[in-house]
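Below is one structure, written out as structure tokens; comments come after it.
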Amino acid sequence: MNTLDAGLSALDHALRTVLGASHAARPNPAASVAASADPLAPAAGLGEAERKLSGALMRVNHVGEVCAQALYEAQALTARTPELRKQMRKAAAEETDHLAWTRERLAELGSRPSLLNPLWYAGSFAIGLVAGRLGDAASLGFVVETERQVEQHLAGHLERLPEADAASRAIVQAMKDDETRHADEALAAGAAAVPEPVKWAMRAAARVMTGTAHHI
């Protein structure tokens, strides 16, 4: 793929991600939950405060998936080997499922995606380009650290989501399982350790993003 084709492909991917045109290849984990299966009452059993909390948490999770799409796209573009590029694309495809699931759940909860999604995507794409330019081992290390932090973040959301919101909890648990596997696969592929200062910076950036996306 030449530079122009790569640029057009990246732009198309960005637009589909930000505009909500992505579709899941796997069934939504919430499909087996009775409350979410009722299209007339997708948030049945939730009080107003619980519904708003679930909506805010799932908006944050949706933002995380927007960022994941940008990171994997940039890292795939800068991968030095076809093998790594294939691995990044495979992980991105599974993250696309997460993107579609969280957006669907937001609609069921009567909530909306973050208004700042274009900004989140652009910033994450830039970070992914930097990570990719550092080499494949460094890029894989960045994947490991990102996914480990996301895994912890999702574990926290499982504790905070209302017990009655079985649909959101099913989605988050499936996402957490995938993130754990992505980190393990990147580690097995030869990931380099991420320096501690970089880990701290990543955590700080994540706190800003999640805090903002909770409301906006």
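What follows is calculated from the coordinates using simple rules that are stated; it is not laboratory data. Remember, it's a predicted structure, so these values are computed and weren't measured experimentally. Glycine gets a Cβ as well: all are built from the backbone with ideal geometry, and neighbour counts include every protein chain shown.
Annotations
- Label point distance in nm, A49-K199, each placed 7 Å from Cα along Cα→Cβ: 3.7 nm
- The listed peptides 101-112, 181-192, 67-78, ordered by packing as a protection proxy, come out as 67-78, 101-112, 181-192 (highest mean of other Cβ atoms within 10 Å first).
- Å³ per residue enclosed by the Cα convex hull of the chain: 110 Å³
- Sequence-distant lysines (8 or more away, or on other chains) whose Cα lies within less than 26 Å of K52: K176
- Lysines with Cα under 16 Å of K90, excluding same-chain neighbours fewer than 8 positions away: none
- Annotation: amide H-H contacts under 5 Å for L116 (H modelled 1.01 Å from N, sequence separation of 5 or more, or interchain): none.
- Percentage of interatomic Cα-Cα distances in region 78-197 larger than 22 Å: 40 percent
- Over the chain, dividing the summed -39,500 (n - 2.57) contributions of all DSSP H runs of at least 4 residues by the number of residues returns a 222 nm mean residue ellipticity of -25500 deg cm²/dmol.
- As computed over region 161-216, the Cα convex hull volume per residue (Å³): 105 Å³
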